[in-house]
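Below is one structure, written out as structure tokens, with a few remarks after it.
The values are calculated or read from the model by the stated rules, or taken from the named source; none is laboratory data. Because the structure is predicted, anything quoted here is derived from the model rather than measured. In this analysis, Cβ positions are derived from the backbone assuming ideal geometry, glycine residues included, and neighbour counts consider all displayed protein chains. Note: areas computed on protein heavy atoms with side chains; ligands, DNA, RNA excluded. Shrake-Rupley method; radii C 1.70, N 1.55, O 1.52, S 1.80 Å.
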Amino acid sequence: MTKITSLTELKKLRDSLKEKMESYSLLDHPDSIIQVKVAMATCGQASGARPVFDYFKEELEKRNIPAMVTQTGCMSYCYAEPTIEVTIPGKNPVVFGFVNTRKADEIIERYIRKGELPDGVIPVNYETVISQ
Amino acid sequence: MKQKQLRIALRNCGVIDPERIEDYIAKDGYLALGKVLTELTPEATIEIIKKSGLRGRGGGGFPTGLKWEITRKVHGDQKYVVCNADEGDPGAFMDRSVLEGDPHSVLEAMAINGYCTGASKGLVYIRAEYPLAIERLKIAMKQAREYGFLGDQILGTGFCFDIEIRYGAGAFVCGEETALIHSMEGLRGEPTVKPPFPSESGYLGKPSNVNNVETYANIPVIINKGADWFASIGSAKSKGTKVFALAGKINNVGLVEVPMGTTLREVIYEIGGGIRDGKAFKAAQTGGPSGGCLTVKHLDIPIDYDNLIAAGSMMGSGGMIVMDEDDCMVAIAKFYLEFTVEESCGKCSPCRIGNKRLFEILEKITQGNGILEDLDKLKNLGKVIIDTSLCGLGQSSPNPVLSTLDNFYDEYIDHVTYKKCKSKVCKSLMTYIIDEEKCIGCTLCARNCPVNAISGERKQAHYIDPEKCIKCGACMEKCKFNAIFIN
Amino acid sequence: MELIKLTIDGKPVEAEKDTTILKAAKTVGIDIPTLCYFQLKDMNIENRPGGCRICVVEVKGRRNLAPACTTLVSGGMEVNTHSIRVLNARRTVLELILSDHPAECLTCAKSGSCELQSMAQQLGVREIPYQGEQSTYRKDTSPAIIRDVDKCIMCRRCEMMCNEVQTVGALSAVNRGFMAVVAPAFEMNLEKSTCTYCGQCVSVCPTGALTEVDHTRNVINALADPAKTVVVQTAPAVRAALGEEFGLEPGTLVTGKMVAALRRLGFDYVFDTDFAADLTIMEEGTELLDRLTRYLEGDPSVQLPILTSCCPGWVNFFEHHFPELRDIPSTAKSPQQMFGPIAKEYFAKKLGIDRKNMIVVSIMPCLAKKYECQRDEFKVSGDPDVNYSISTRELAAFIKLANIDFDAMPEEEFDKPMGESTGASVIFGTTGGVIEAACRTAYELYTHKKLAKVDFNELRGFESIRHATIDFNGLLLNIGIAHGLGNARKLLEDIKEGKSQFHAIEIMACPGGCIGGGGQPYHHGDSAILKKRASALYREDAGKPIRKSHENPFIISLYKEFLGAPGSDRSHHLLHTKYFDRSASVFVEE
Amino acid sequence: MAIIKLPERKITDLKDVCKSFNNEKGELINVLHKAQGIFGYLPAEVQEVIAKELNLPVAHVYGVVTFYSFFTMTPKGEHPISVCLGTACYVRGSEKVLEEFKRLLKIQVGQTTADGKFSLSCLRCVGACGLAPVVMVGEKVYGRVSPDGVKDIVEEFNN
């Protein structure tokens, strides 16, 4: 890893990273891909986020669904842990609560494959500031 | 629909992978640091923070920019930037969430603070009870060093800054900044009289700027989006947003970040989804053991630093515990006092002994031995403890008692005069009674009573000897005819 | 200096910057009550944890009350020291402290000189409305000090003395909250800790939590035993302080009255430790000169500086903390322990009695002396050279117990021969005195010239570490003086690192020397009292016909008749000792 | 002073820990954390060694150890059970859960079972209030524990 030695360099890196990330969710972009984020803060892990994370990683690969499974911090729906967020290219992200491996299977089969919304969707109830 | 919540401090939590600095950079991470280092003087940066109106999120609400300015102005060969991550309020987990979800934002803000105050060293004082947060913080520090956001000659400028971690070891009082500093020095975490404030004489006697995690998490955004933007959010004297850890008898337990000035009603009903099991809202305790309770009559006051104090509570670090009709407020006050008694450092007499006496009086009341005079004692003692204690812990520890006395005096009277606990929490005040009409004399209750307090002939109504009964509730659970009730 | 204007109780006050409200108030005659606060001016000793909260005052514009002992004055401040709010808070705080304090005043060793008791009186506490659990701990008795920490009010004075002033580190605040208390590590017995028994914790404790082990009863029993000849010796510092216990001004010399009172108590012989101090000078001075001469001749086996050894707290200190330096102090016993063998091996024989039938009692300003006389090396077949050591305070209590009107006592003389002493020995009781006495003798023995001026003013004073150069007829002798073990530590560190420039160093464990000893009447933080005691000793010295130890006629005859010469075999056997490594051995591996 | 038996290897480890912090007094709390990691608890002997290495009075070390609830001088069980008594857990009934542990294991808070398997303690908020009441066994967090569920947790470690 090389050190960033100026603000310009930092901005350049930011732009390329941002572009790459955004490209995942662009419909018809060659890089577009299903994104699954698993909330893995203490609460999430305590209620079983780790096996859910592993399950998505293994199963999506097994079922030949090109996807990126990543961990993230607290989504703040503590009451509904484990929570995950699924982004299908071209669609708004969807948050699911109380996800166990059975639920994960349902999400893969019904939402990711067929685009049907199963139960357990948590409506997003906040706005997030965009930093610039 | 416009959402009630606005995430500034939590902007990256649940969004980015906290273990990947690239995710943070993609979200404009370290841009604010780059900006201040290359485009702004320390004074100009402090001016932005001052103008933004940001106040300390750890509880006290001291203007952050002013604190930075004081630290900057004090002469010192070595200064320190300290991050208070000793989140000790029971029921509060804002700081943990930020550190677990977005550790870089804190590191970036600390570096900015170092630039502003002239400090080259940062210290994060974090609870040892937060292993995951520690882990993620360590990863973040390593990555930040690799990218050159920490270390020597940051972003090609002459600014050098690095951060170390110090661990707490289970002492609530260490959230108080002078106690925290002593703890970082390897001493007992006892507070000392202020002044001198840490900004003048802090870690190792050097000027030290202490801010809490959430305060830092706001900094990069303020730099990026400007003071005016931040100051446009919130209420007249409290700017920006506040993160609350919403817990207790509420449907949607979770982290909530709302603009200052949002009402309790909005938080509880619109965001929190209302009270569990459709029960009635009774009180919300804010500020943890230092705070007080807000009741139905406070539901529509806008939540900010000043209004909470006016309502007899305080912002605290942001714990918000919701209670319903099943909670006994005397028992709640006793619960908090038990906590304070356990966590008092013991240095000053009003806190060391006074809180113990408060607790004992409350215990006496919940056991049904209270007298009216005890309520006056609670009040006088509470006021004296607030007035005379050395540090913030003692100066706020009687708040749960005084605030419940103010808002739920009737409940205290029930306990003291009528020896009744309507919420059926205080065991000593309960009597289990068998309804003669309903009892068929099956003897099941008598057979299950661990202390043989139930007598009666088969097929005849049974009787519970109140002298013997230990109020375990086993009989009531076993009775198939709902013949046993609590009076 | 910047002057700050404020008002206290409506009175305009001008105070220097960085002055506390407490001190500023004192300048206009307002005495704010304090409990944990403790100060010895001029010695840089101050305890202000701001913990007891008795001294709270109301400052206009401030949300809560401010502790006067730690709050600094600021411009325009309006302070009220006795508003209703303050009085109520102050009394409530005291009631709280009392609610966690055993109400044992009637039987407490500290009754009558307890600061908590006086505070309750002063604030008019008539009942303790807040009753509840009291924190209780194990009582701990050591050879010199009793810890009854149920009575501890967490003023932290002892902790400050033990750690910051004495750097002994035997005590620390332990536990927290309601169970917080000051204790040795693992709440072990003091005896097992690194405690030196200097007694400074006792001398500053405001309550009965730390007191001395009282040996008065043993003394009474000995006096009542017709088979025993009971001999008493009185240390120099006692006579300068004993009067305070009888309402006399600090610094009143009560030597004659004390002797008379001791006789009335029934002691068979009333002798003076001062005589033994003269003896100490002979032995220690000779040792110094011997070491010095050999050193100057280039003998590589000789180490300098030589350190005095008459203070048992100090001896305990280097045995615990600097055992590697234990060859450096003089091997001369302390005056108390020189007196013992002379009494039991010389005087008893003269009287024709067995040493076992002689009981030697010492009156000491010191608590470490209680331990010193119990050390094994100071016993012959189990019989201690000095049987009991009682403190100045115990003696006062004993005198009162025996219905003696102290004030009405005539001035009487010590018995002979061991009551004969010089001015040199009297000043042993204050810091700098031992080395001055040694210089008087060493100068004359070394130069064979008469001292033109007996007073060495350059060695006197209260500064914590002092040094002076004395001209021994061309030989410039560098003298160091430290009082308080923390100051001693600094000099020892220098010696350890080979940086010390001194030929000889006097060390006294207690601030001020023996006059500020752990067994003296409580000075309650008033350093003026210590100064008055010191000047009393210098006064007695100045008034003595003989002021140099080697001129003491009994000393001269004792050497002629019994000991031979200073440093002789018999002197070595009776008057010298050795030191031990008492540092904590940490562990034995499995 | 006390004659103490500690495994030599662990003592060496402990001294190395002190050295890794440059034997600095100010690092006492960090050293104690590591020492508790090595020994499982902080017996008097360990504190003596640390005091010596950091050149501190042992009373001071003990004063620090007894101040912080994280440090313990009694060995914990193989599976230390901590019941959260934070406010969120409290209002959701963690006291009853604690009572059930006491009943089932026949020990009080701060004690260890005779077989050394379990020890019981309380803690104040692990910050997982969404899962209240919370119980920790070692590093593992159990959420939404009911008194009935206590038996299962104990069983899990009993086999």
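Results, tabulated for the structure shown:
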{"item": "Condition met for C:ARG239 (under 18 Å from C:GLU394 (Cα atoms) and free of Cβ contacts under 8 Å to residues at least 24 places away in the same chain)", "result": "no"}
{"item": "Checking B:GLY273 against (1) over 18 Å from D:CYS89 (Cβ atoms); (2) within 12 Å of chain A (Cβ to nearest Cβ); (3) outside any loop (DSSP other than H, G, I, E, B), the condition it does not meet", "result": "(3)"}
{"item": "Test: C:LYS17 is open to solvent by 20 Å² or more (accessible area, probe 1.4 Å) and within 14 Å of chain B (Cβ to nearest Cβ)", "result": "yes"}
{"item": "Complete set of residues in the stretch C:157-192 that are farther than 19 Å from C:ASN316 by Cβ, part of a helix (DSSP H, G or I) and at the interface with chain D (Cβ under 10 Å from one of its Cβ atoms)", "result": "C:GLY177, C:MET179, C:PHE186, C:GLU187"}
{"item": "The stretch C:462-497, residues that are surrounded by fewer than 22 Cβ atoms within 10 Å (Cβ to Cβ) and among the β-branched types (Val, Ile, Thr)", "result": "C:ILE465, C:THR469, C:ILE470, C:ILE495"}
{"item": "Of residues in the stretch C:413-430 being assigned to a loop (DSSP other than H, G, I, E, B) and closer than 18 Å to C:ALA237 by Cα, the one nearest to the chain's Cα centre (by Cα)", "result": "C:THR430"}
{"item": "Unique match (being crowded, with 18+ Cβ neighbours inside 10 Å, more than 16 Å from C:HIS215 (Cβ to Cβ), at pLDDT 95 or above and assigned by TED's automatic domain parsing to the domain that holds C:THR229) among C:GLU413, C:GLU436, C:GLU420", "result": "C:GLU436"}
{"item": "Any hit, the stretch A:54-75, residues being assigned to a helix (DSSP H, G or I), open to solvent by less than 70 Å² (accessible area, probe 1.4 Å) and within 30 Å of B:ASP28 (Cα to Cα)", "result": "yes"}
{"item": "Single residue of B:GLY175, B:GLY186, B:GLY170 found to be among the small types (Gly, Ala, Ser) and buried (at least 24 other Cβ atoms within 10 Å of the Cβ)", "result": "B:GLY175"}
{"item": "Residue within the stretch D:78-88 that is without any contact (Cβ under 8 Å) to a residue 12 or more places away in the chain, open to solvent by 30 Å² or more (accessible area, probe 1.4 Å) and either farther than 20 Å from C:ASN189 by Cα or not assigned by TED's automatic domain parsing to the domain that holds D:THR112 (or both) present", "result": "no"}
{"item": "Pairs where the first residue, in the stretch C:537-554, is more than 20 Å from C:GLY256 (Cα to Cα) and the second is open to solvent by less than 40 Å² (accessible area, probe 1.4 Å) and among the polar types (S, T, N, Q), C-beta under 7 Å, 6+ apart", "result": "C:LYS548/C:THR422; C:LYS548/C:THR441; C:SER549/C:THR422; C:SER549/C:SER425; C:SER549/C:THR441; C:HIS550/C:THR441; C:GLU551/C:THR422"}
{"item": "Helices (runs of 4 or more DSSP H) enclosed by the stretch B:29-129 - at least 2 residues per element that are within 14 Å of chain A (Cβ to nearest Cβ) and touching a Cys at 6+ places or on another chain (Cβ under 6 Å)", "result": "B:94-101"}
{"item": "The stretch B:220-266 - residue that is surrounded by fewer than 24 Cβ atoms within 10 Å (Cβ to Cβ) and part of a helix (DSSP H, G or I) and, of those, nearest to the other protein chains (Cβ to nearest Cβ)", "result": "B:ASN224"}
{"item": "Options A:GLU22, A:GLU85, A:GLU9; residue that is surrounded by 15 or more Cβ atoms within 10 Å (Cβ to Cβ) and assigned to a helix (DSSP H, G or I)", "result": "A:GLU9"}
{"item": "Residue list for the stretch B:14-28, filter: more than 7 Å from chain A (Cβ to nearest Cβ) and either aromatic (Phe, Trp, Tyr) or not in a loop (DSSP other than H, G, I, E, B) (or both)", "result": "B:ILE21, B:ASP23, B:TYR24"}
{"item": "Selection within the stretch C:16-49 - touching a Ser or Thr at 6+ places or on another chain (Cβ under 8 Å) and modelled with pLDDT of 95 or more", "result": "C:THR20, C:ILE21, C:LEU22, C:ALA25, C:ILE30, C:ILE32"}
{"item": "Meets criteria (buried (at least 22 other Cβ atoms within 10 Å of the Cβ), within 12 Å of chain B (Cβ to nearest Cβ) and in contact with a Gly (Cβ under 8 Å, 6 or more places away or on another chain)) for C:LEU116", "result": "no"}
{"item": "Filter result for B:LEU362 (open to solvent by 10 Å² or more (accessible area, probe 1.4 Å), in a helix (DSSP H, G or I) and under 30 Å from B:GLY272 (Cβ atoms))", "result": "no"}
{"item": "Considering residues of the stretch B:144-155 that are farther than 17 Å from B:VAL98 by Cβ and assigned to a helix (DSSP H, G or I) only, the residue nearest to the chain's Cα centre (by Cα)", "result": "B:ARG145"}
{"item": "Members of the stretch C:198-214 that are of a type outside the set (S, T, N, Q) and out of contact with any Ser or Thr (no Cβ under 7 Å at 6 or more places or on another chain)", "result": "C:CYS198, C:GLY199, C:CYS201, C:VAL204, C:CYS205, C:PRO206, C:GLY208, C:ALA209, C:LEU210, C:ASP214"}
{"item": "Among (1) within 12 Å of chain C (Cβ to nearest Cβ); (2) open to solvent by 10 Å² or more (accessible area, probe 1.4 Å) - the single one D:HIS33 does not satisfy", "result": "(1)"}
{"item": "Selection count, the stretch B:173-190, where residues are in contact (Cβ under 8 Å) with a residue 40 or more places away in the chain and within 7 Å of chain D (Cβ to nearest Cβ)", "result": "3"}
{"item": "Test: residue in the stretch C:533-543 that is farther than 20 Å from C:THR167 by Cβ, touching a helix residue (DSSP H, G or I) at 6+ places or on another chain (Cβ under 7 Å), among the basic types (Lys, Arg) and open to solvent by less than 30 Å² (accessible area, probe 1.4 Å)", "result": "yes"}
{"item": "Some residue of the stretch C:79-101 being within 14 Å of chain B (Cβ to nearest Cβ), under 30 Å from B:GLY370 (Cα atoms), surrounded by fewer than 17 Cβ atoms within 10 Å (Cβ to Cβ) and among the hydrophobic types (A, V, I, L, M, F, W, C)", "result": "yes"}
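Residues checked against (1) touching a residue at least 60 places away in the same chain (Cβ under 8 Å); (2) away from chain B (no Cβ under 14 Å); (3) touching a His at 6+ places or on another chain (Cβ under 8 Å):
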{"residue": "A:LYS11", "(1), (2), (3)": "no, no, no"}
{"residue": "A:ASP15", "(1), (2), (3)": "no, no, no"}
{"residue": "A:GLU22", "(1), (2), (3)": "no, no, no"}
{"residue": "A:LEU26", "(1), (2), (3)": "yes, yes, no"}
{"residue": "A:LYS57", "(1), (2), (3)": "no, no, no"}
{"residue": "A:ILE65", "(1), (2), (3)": "no, yes, no"}
{"residue": "A:VAL69", "(1), (2), (3)": "no, no, no"}
{"residue": "A:TYR77", "(1), (2), (3)": "no, no, no"}
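For (1) closer than 30 Å to D:MET136 by Cα; (2) touching a Leu at 6+ places or on another chain (Cβ under 7 Å); (3) more than 8 Å from every other protein chain (Cβ to nearest Cβ), each residue gets a yes or a no:
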{"position": "D:LEU6", "(1), (2), (3)": "yes, no, no"}
{"position": "D:LEU14", "(1), (2), (3)": "yes, no, yes"}
{"position": "D:TYR41", "(1), (2), (3)": "yes, no, yes"}
{"position": "D:PHE71", "(1), (2), (3)": "yes, yes, no"}
{"position": "D:PRO75", "(1), (2), (3)": "yes, no, yes"}
